[in-house]
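The values are calculated or read from the model by the stated rules, or taken from the named source; none is laboratory data. Since this is a predicted model, take the numbers as computed values, not measurements. Every residue, glycine as well, gets a Cβ built from its backbone with ideal geometry; the counts of neighbours run over all protein chains shown. Just so you know, the surface numbers come from the protein's heavy atoms only, side chains and all, with ligands and any DNA or RNA stripped out. Shrake-Rupley method; radii C 1.70, N 1.55, O 1.52, S 1.80 Å.
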Amino acid sequence: MQILGEMIIGQRCVKGAAGELFALAADTGEPLQPPFGAGDATNVAQACELAEDAFDAFRQLPDERRAAFLDGIADGLIELGEVLIERAQVESGLPRARLEGERMRTANQLRLFASVLRDGRWHAAVIDSAQPQRTPLPRADLRQRRIGLGPVAVFGASNFPLAFSVAGGDTASALAAGCPVVVKAHTAHLGTSELVGRVIQRAAAATGMPDGVFSLVLGPGSEIGQALVSHPAIHAVGFTGSRQGGLALLRTAQARPQPIPVYAEMSSVNPVFLMPAALAARGEGIAAAFVDSLVLGAGQFCTNPGLLIALQGEPLEGFLDAATRALAHKVPTTMLTPGIHAAYCKGLQRLQQAEAVQPVAQGLEPHGLYQARPALFRTEAAVFLGNPSLEDENFGPSALVIVCRDSAEMRRVALRLAGQLTATLHLDEADRALAAELLPVLERKAGRILFDDFPTGVEVSYAMVHGGPFPATSDSRSTSVGAAAIDRFLRPVCYQNVPDALLPEALQEANPLALWRLRDGLLGRV
C-alpha cells in the first residue's frame, strides 16, 4: 500500500489544495516524502455532509454488520505488515516492539467493540409493560433503547499513532455506536494516518457500509479542527492531547447554536503514594519499577507517574538512593516531535529554577537531537501546597517527589490534587490504616486507583476506566478506553404505545435478537 499524500472523503481519495504539509522524521526533524495536500473548510464540509447522509443507514444496520466492519479494520491493520510499522517508527521515533504491540492493541480494541455489538447489551433495552387497569391513572406501554448521537469528530493523538489515532478507541467506539466518524489526522504522523485510513476505507467498502461512514481530513494549525467541531453535522468530539487544545475545542463546541459534548483527555500527573512500611520492606524494588515506568516511551504516556508523595524518613531516603542508581543508567530516547522535546526541556528548566525544588537524579546525557533526559526532583509538601504550578504536567520522563512531615500533611496534599487519570498506592499491612484514610479522597480525584503497581499500562477490557475529573478529562463521567467507551456516543430513546411492528427489533415483544432486557424491573431474555 502506497502513501500518496491524500485525504479520504468517504470512498474517494482527495488531494488537498490548501498548501503542502510534510511529516517529519522524529530523530532528525527532516521532511519525509511524499508531500501531503492540506485540506480546507470545503473538504471538512464534504466529509461532514457525507457522514450526516450516512448516519441513519449506518446506525440501523444489524449489529453483526457493524461488528464485521470493525473486524475487517482489525484484520486490515494486521495484514498491512511492515509498511505500517516502518512508517510509524520513522514518524514517531517509537521502537518497533512498542509499535507492534500498539498495533495489536488497536486491533484488539476494534474486536472488543465488535464483541460488544454481538452481545447486544449496549442497547440497554428496558420494557415497562402497559397497565391499563392501574388506578387512579393507567400506565402506557413504555420501552427504551439507545441510539448513536450522530457523526463524531475524532482527533488523532501524538503519543499513540495507532491506538489513540485514526482507528483508535474513539473511532472504534463511535463506529460501534452507529456513528460515522470524521478524523483529523495528527500532523506528526501523516503517513501512518493515511495508511490506517485506507484500511478503514477498504473495510467499509468490503462490508457494504454507507458512503461517508468514515473520512480522514488533514491540515496545519487549528483551522481544520475548529471547522470540524463547528460543523452542524458533528454531534460529539473525541480528543486526546494537551489541555490547551482540548479547552479550545470545548469552547468552540459550547459556542455553537447547538452545543455538543467534547470528550477530551488532557492532563494528568498520576500521583503515586509511597507508604512508609512498603518503602522500608521493598523500597529498592519499588524504585526500580518506578524508574522503568517513568522512562517508558520517553515518558510520553498520559499515565506517566509524574508525582510521588511520601513521608519523610529513612525509608524514603533509601527509595531515593535506589531510584538515583536506577535512573543513572537510563539512556535518553527520542521524543515524538521537536515541539514536544522543546516543551519537555522548558518544563525541566522550570523545575530547576523553582524555589525550594532540588534535583535528585538524572539519566545519561542525550546523544541525539530530540532525546529526553530523564530527571527526578524533590520538594517539601509545604512548598508544593503553596505553589500550584508544581502540579503542572511536564510531558516526558520527569517526576517530582513531595516529602510530607506526617500523614495529615500527606492527606492535605491528596486533597489539593486536581483531577487525575490514575492514583497509585504502594503499601504493606502496616500501611493499611493510612491507605484507608486516603482512599475516599483518591476516589474523588482519579478515574483508576492502583495498588502496588504503576499506571503506564491501560488494559483494553470491560472494567477499565481511562478518564477522571478535570483536567484529566473534560467529562469525568466517561472513559476513552474499555467497553464503556461506547456510552459516550449513545443516548436513550423512549417509545410509548408504539405498535410492535414499528418498534426496533431490540424492543419487539418476541425479542428476535435474544437480548437481555429489563422487563418490569426483572432482567432476563424476555
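Beta bridges per DSSP, both residues in the chain: antiparallel share near 40 percent.
Shown here: the range 1-127, whose C-alpha atoms stretch 60, 39, 22 Å along the first, second and third principal axes, sorted largest to smallest.
Surface composition of the chain: carbon plus sulfur atoms hold 54% of the accessible area, using a 1.4 angstrom probe and ignoring ligands, DNA and RNA. Using only side-chain charges placed at the Cβ, +1 for Lys and Arg and -1 for Asp and Glu, the dipole size of the range 347-404 relative to its Cα centre rounds to 140 debye. For the range 1-41, the mean projected area of the C-alpha convex hull, equal to one quarter of the hull surface, is 3.7 nm².
When both the range 160-175 and the range 417-491 are represented by their alpha-carbon centers, they are found 21 Å apart. Applied to the range 389-394, the Karplus parametrisation 6.51 cos²θ - 1.76 cosθ + 1.60 on θ = phi - 60° returns per-residue 3J(HN,Hα) values of 5, 5, 8, 4, 5, 10 Hz, with x for Gly and Pro.
The lysines whose alpha-carbon is closer than 25 Å to the alpha-carbon of Lys330, local same-chain residues fewer than 8 away aside, are Lys346. In the chain, a dipole from Cβ-located charges (positive for Lys and Arg, negative for Asp and Glu) runs towards its positive end, and of Phe160, Gly212, Thr422 it is Gly212 whose Cα lies farthest in that direction. Taking amide hydrogens as placed 1.01 Å from N in the peptide plane, the amide H of Phe470 sits under 5 Å from those of Ser476, each at least 5 positions away in sequence or on another chain.
Site pair Ser129 and Ala57 shows an inter-label distance of 4.0 nm when each label is modelled 7 Å from Cα along Cα→Cβ. With R₀ fixed at 35 Å, the C-beta to C-beta distance from Leu502 to Ala463 puts the FRET efficiency at about 0.40. Shape class for the range 379-461, computed from the alpha carbon gyration tensor (a ≥ b ≥ c): oblate, with a/c not under 1.5 and a/b at or below b/c.
Heavy-atom accessible surface of the chain, averaged per residue, reaches 39 Å², computed with a 1.4 Å probe. Extension gain, Ser222-Ser115: 0.36 nm per intervening residue step, less the Cα-Cα distance, totals 35.0 nm. Most tightly packed first, judged by the mean number of other beta-carbon atoms within 10 Å of their residues, the peptides 362-374, 410-422, 495-507 read 410-422, 362-374, 495-507.
With contributions of -39500 (n - 2.57) from each DSSP H run of at least four residues, the per-residue ellipticity at 222 nm computed over the chain stands at -12000 deg cm²/dmol. Cross-link partners of Lys15 among aspartates and glutamates, defined as those whose alpha carbon lies under 16 angstrom from its own and excluding same-chain residues fewer than eight positions apart: Glu6, Asp40, Glu194.
In order along the range 453-462, the Karplus-derived 3J(HN,Hα) couplings, from 6.51 cos²θ - 1.76 cosθ + 1.60 at θ = phi - 60°, round to 7, 10, x, 7, x, 10, 5, 8, 7, 6 Hz, and Gly and Pro are given as x.
Compactness of the range 405-520 was expressed as the Cα radius of gyration divided by 2.2 N^0.38 Å, which yields 1.56. Dipole magnitude for the range 400-512: about 600 debye, using +1 per Lys or Arg Cβ and -1 per Asp or Glu Cβ, origin at the Cα centre. Given +1 at the Cβ of Lys and Arg, -1 at the Cβ of Asp and Glu and no other charges, the dipole of the chain around its Cα centre is 960 debye to the nearest 20.
If you take the square roots of the eigenvalues of the alpha-carbon gyration tensor of the chain and sort them as a ≥ b ≥ c, do you get rounded (a/c under 1.5), prolate (a/b over b/c) or oblate?
Here the chain falls in the oblate category.
Look at the dipole of the range 32-71 built from charges on Cβ: of Ala47, Leu70, Pro34, the Cα furthest out on the positive end belongs to Pro34. When the Cα atoms of the range 186-344 are aligned to their principal axes, the ranges along those axes come out at 63, 35, 33 Å in descending order.
Exactly which GluC sites (Glu not before Pro) in the range 297-400 are in a DSSP loop and have at most 14 other Cβ atoms within 10 Å?
In loop regions of the range 297-400 (DSSP not H, G, I, E or B), the sparsely surrounded GluC sites (Glu not before Pro) are Glu355.
Across the range 478-487, coupling constants 3J(HN,Hα) worked out from phi with the 6.51/-1.76/1.60 Karplus curve, θ = phi - 60°, read 10, 10, 9, 10, x, 4, 5, 4, 5, 4 Hz, and Gly and Pro carry x. Seen against the Cα atoms of the chain and their longest principal axis, helix 190-206 is set at about 30 degrees. In whole angstrom, the range 280-323 maps to an equivalent ellipsoid with semi-axes of 21, 11, 7, each derived as √(5λ) from the alpha carbon gyration tensor and ordered largest first. Angle of helix 82-92 to the longest C-alpha principal axis of the chain, folded into 0 to 90 degrees and rounded to 10: 50°. Taking a ≥ b ≥ c as the square roots of the Cα gyration tensor eigenvalues, with a/c under 1.5 meaning rounded and otherwise prolate when a/b beats b/c, else oblate, which class fits the range 255-412? It is oblate, given that a/c is not under 1.5 and a/b is not larger than b/c.
Ordering of 336-342, 453-459 by packing is 336-342, 453-459, highest average first (other Cβ atoms within 10 Å, averaged per residue). Less than 5 angstrom separates the built amide H of Glu380 from those of Val403, all sequence-distant by 5 or more or on a different chain.
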